1. Residues to consider are A62, A105; find the one that is under 30 Å from N166 (Cα atoms), open to solvent by less than 100 Å² (accessible area, probe 1.4 Å), small (G, A, S) and at pLDDT below 90.
2. With respect to V94, determine if the residue is farther than 30 Å from V35 by Cβ and among the hydrophobic types (A, V, I, L, M, F, W, C).
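The values are calculated or read from the model by the stated rules, or taken from the named source; none is laboratory data. Treat the numbers as computed from the prediction; the structure is a model and nothing was measured. Cβ placement follows ideal geometry from the backbone for every residue including glycine, while neighbour counts extend to all protein chains displayed. SASA here: full protein model, heavy atoms, side chains in, ligands and nucleic acids out. Shrake-Rupley method; radii C 1.70, N 1.55, O 1.52, S 1.80 Å.
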Amino acid sequence: MRWTQPFGRLRKEGGLMQTGGSSAGFKGFRACPRVHDLIFWRDVKKTGFVFGTTLIMLLSLAAFSVISVVSYLILALLSVTISFRVYKSVIQAVQKSEEGHPFKAYLDVDITLSSEAFHNYMNAAMLHVNKALKLIIRLFLVEDLVDSLKLAVFMWLMTYVGAVFNGITLLILAELLVFSVPIVYEKYKTQIDHYVGIARDQTKSIVEKIQAKLPGVAKKKAE
């Protein structure tokens, strides 16, 4: 069982979660070149547009209700399309041209979803749902004591995070990290790998000491 994280890959070996090299986590983005190029600012204009648009939307959601934000976005989009449609109609009437509908190329695009494509998406979604259910059952029914304790500690820490930040604030912070950490890591890879390695070794040492004091884990190791 594997989990990928921004600074490494976690492997389950004998109940111990170990972290791989810090560069391994970013390799996962290369499976999707568009996402990789986006978060690494390969095209500054494209990344800036996506980053700015999503950030403005999140900030709007932090200040207004979801209904208000969605309504204003739809009104803004309709204002642009209707204005452009009327403008092109006036130009065609003045010039007596027969260019037709300005959005005809987009109206003719086939956006129907075939039953085969729908089933493929559903099968892929069900695969992830089943994996998530198995993981939840394994953690809550304490198949591995250390992993369940890690979840308990993480949830305990999240109670303090929730007392300081709300969901929208966390999403804003997550976006800032997604669009800043990869490019910073790419620039200072050597230094970051060095300090992450030190932290990983310290964490591994602490976890091993905790596991040695847990009767169930010690018994598994002896077997």
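1. A62
2. So V94 passes the test.
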